[in-house]
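Reviewing the structure listed below.
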Amino acid sequence: MTTPAAEAPAPVEAETAAPIVETWELPGDLNPLTTQAQLEARFGKTNLREETFNGAEGMGTYPVLVAFPDDPAKRLELMLDADNKDAPIQELRVTNAESLWHDATGLRPGMSLAELVALNGAPVSFYGLAWDYGGTVQDWHGGKLANAVGNPLFRRVTLTARTGADDNALPQGDATFRSDDPKWASAGKDMVVGELGISWPHDGED
């Protein structure tokens with residue numbers, strides 16, 4: 001008697017693999033014209049969420065597309081045009097000290113001002129803290145991190161006070177300060193990179 005052949009098991013559908021970010025370097029393969037479909041393929045559709053941020057000095061709001069919005073280490077903010085969110089991406093931004101993201105030089109959020117200066121190889125000048133543009137680096141004094149003429153990328157760095165630091169011992173207000181000013185001896189360790197932005201020239205800009 002012939003033994004009936006065993007019934008073949010039903011094929012099991014392969015699980016959809018989670019998107020893998022092969023590098024945490026900015027901008028990597030991201031650029032102003034990266035499409036929504038490309039972002040979804042890169043990060044996974046469920047890992048993208050649109051949020052609304054307030055503009056500087058209370059001037060309006062603007063949309064931000066956020067990758068990995070609930071994971072401090074992976075969170076990446078993509079600045080969009082307030083009037084046309086389908087326009088080219090304006091800036092990539094990371095703001096968490098735990099972030100895995102960094103630029104090609106190794107610059108990342110959470111670095112101390114002293115580490116930033118060492119990476120730059122020269123002092124930096126920045127706005128004082130405690131106002132809308134507080135902590136923004138204004139001058140790299142010819143260092144390695146300076147935004148070179150002709151470079152299609154623009155690096156923006158904003159400093160903030162380290163958690164637990166004495167704000168009164170750090171430069172504040174709408175004025176420019178230098179990292180090598182001995183008056184602010186604690187700034188090197190008590191100021192850190194709070195925000196790193198990478199952008200491209202917009203229409204009409206060189």
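The values are calculated or read from the model by the stated rules, or taken from the named source; none is laboratory data. Because the structure is predicted, anything quoted here is derived from the model rather than measured. Cβ sites come from the backbone with ideal geometry, for glycine too, and all protein chains shown count toward neighbours. In case anyone asks, the SASA skips ligands and DNA or RNA and just uses the protein heavy atoms, side chains included. Shrake-Rupley method; radii C 1.70, N 1.55, O 1.52, S 1.80 Å.
Observations
- Residues of the stretch 180-189 that are of a type outside the set (A, V, I, L, M, F, W, C) and either loosely packed, with under 13 Cβ neighbours inside 10 Å or more than 22 Å from the chain's Cα centre (by Cα) (or both): Asp180, Asp181, Pro182, Lys183, Ser186.
- Among the residues of the stretch 109-142, the one identified as among the charged types (D, E, K, R) and farther than 29 Å from Gly55 by Cβ is Glu115.
- Here Leu76 does not fit the description of being within 18 Å of Pro152 (Cα to Cα) and touching a strand residue (DSSP E or B) at 6+ places or on another chain (Cβ under 9 Å).
- Checked against (1) open to solvent by less than 30 Å² (accessible area, probe 1.4 Å); (2) part of a loop (DSSP other than H, G, I, E, B), Val192 passes all but a single condition, namely (2).
- Within the option set Gly142, Gly134, Gly110, being out of contact with any Cys (no Cβ under 9 Å at 6 or more places or on another chain), without any contact (Cβ under 8 Å) to a residue 40 or more places away in the chain and on the phi > 0 side of the Ramachandran plot holds for one residue only, Gly142.
- Strands (runs of 3 or more DSSP E) completely within the stretch 108-169 that count 2 or more residues being farther than 24 Å from Pro32 by Cα, open to solvent by 20 Å² or more (accessible area, probe 1.4 Å) and touching a Pro at 6+ places or on another chain (Cβ under 9 Å): none
- Residues in the stretch 76-95 that are of a type outside the set (A, V, I, L, M) and open to solvent by 50 Å² or more (accessible area, probe 1.4 Å) were compared, and the one that is modelled with the highest pLDDT is Thr95.
- Selection over the stretch 33-62 of residues that are surrounded by 14 or more Cβ atoms within 10 Å (Cβ to Cβ) and either hydroxyl-bearing (Ser, Thr, Tyr) or touching a Ser or Thr at 6+ places or on another chain (Cβ under 6 Å) (or both) gives a count of 2.
- Selection of the stretch 20-32 for residues being assigned to a loop (DSSP other than H, G, I, E, B) and open to solvent by less than 40 Å² (accessible area, probe 1.4 Å) yields Val21, Pro27, Leu30, Pro32.
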